[in-house]
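Coordinate-derived values only; no laboratory data. Quick caveat: nothing in here was measured; it's all calculated off a predicted structure. Here the Cβ positions follow ideal geometry from the backbone for every residue, glycine too, while neighbour counts run over all protein chains shown.
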Amino acid sequence: MYVRGDLSLVRFGIVREHDMTPSPVQRSERRGLSIIEGLLALGVLQVSVLAVTFAISAGRTHVREADLAVRAVEAAERLLEEVIAMPYADPDGASALGPESGESPGGFDNADDYHGYTDTVGEAPLHQFDRSVTMSLGSETIAGLGSISGLTVTVSVALQGEPDRTWTMTRFIPEHGR
């Protein structure tokens, strides 16, 4: 093994004298990273951190949107179930869609009283929804049963302040006894 300052190797011609002093290239190899290499590594690190940050941000946005959709669908389902739980036929014998005079929410006596009903539900100010109910009389054809008369109920839920973000649920309620 060559040790610096070992002149016996020079005497036998194994190592030349100028090999004993390191060249400038050899000195720079011993020092570590150059400034350019350090800056390049820093740039790669920045790009990596930025990519991870964008991925986390996108994931949070998707979670927020999914939460919003779940809340809206739950609000629509609650109102739709409330309508479906009401009797189909009006006990007063009225046949027009919508509440009869003197009827108000909480005092509806049949399903069609909800036609035109609107309300606002949710937690202010972030998750408030405007709900509305529309109905139409009609019939559906069901294989093996033929045409069945009934009421088509549509519940729409819109994010308050953003009417373009709407969720809709529709259900057909068959008329009983016919």
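Things to note:
- Considering all C-alpha pairs of segment 54-174, those separated by over 24 Å amount to 39%.
- Anisotropy class of segment 58-99 from Cα gyration tensor, a/c 1.5 cut: prolate
- Once the Cβ-Cβ distance of ARG64 and THR166 is raised to the sixth power relative to R0 = 22 Å, the FRET efficiency obtained is 0.80.
- Extended-chain gain in nm, criterion 0.36 nm per residue less alpha-carbon gap, ILE56 and ARG78: 4.6 nm
- Pairwise label distance in nanometres, SER104 with ALA41, each label 7 Å out on the Cα-Cβ vector: 7.4
- Placing unit charges on the Cβ atoms of the charged side chains and taking the dipole of segment 100-178 about its Cα centre, the candidate lying farthest along the positive direction among GLY107, GLY144, PRO163 is GLY144.
- Computed magnitude of the charge dipole of segment 54-174 (debye, nearest 20; Cβ of K, R +1, Cβ of D, E -1): 600
- Sorting 136-145, 111-120, 162-171 by their mean Cβ neighbour count within 10 Å, with the most densely packed peptide first, gives 111-120, 162-171, 136-145.
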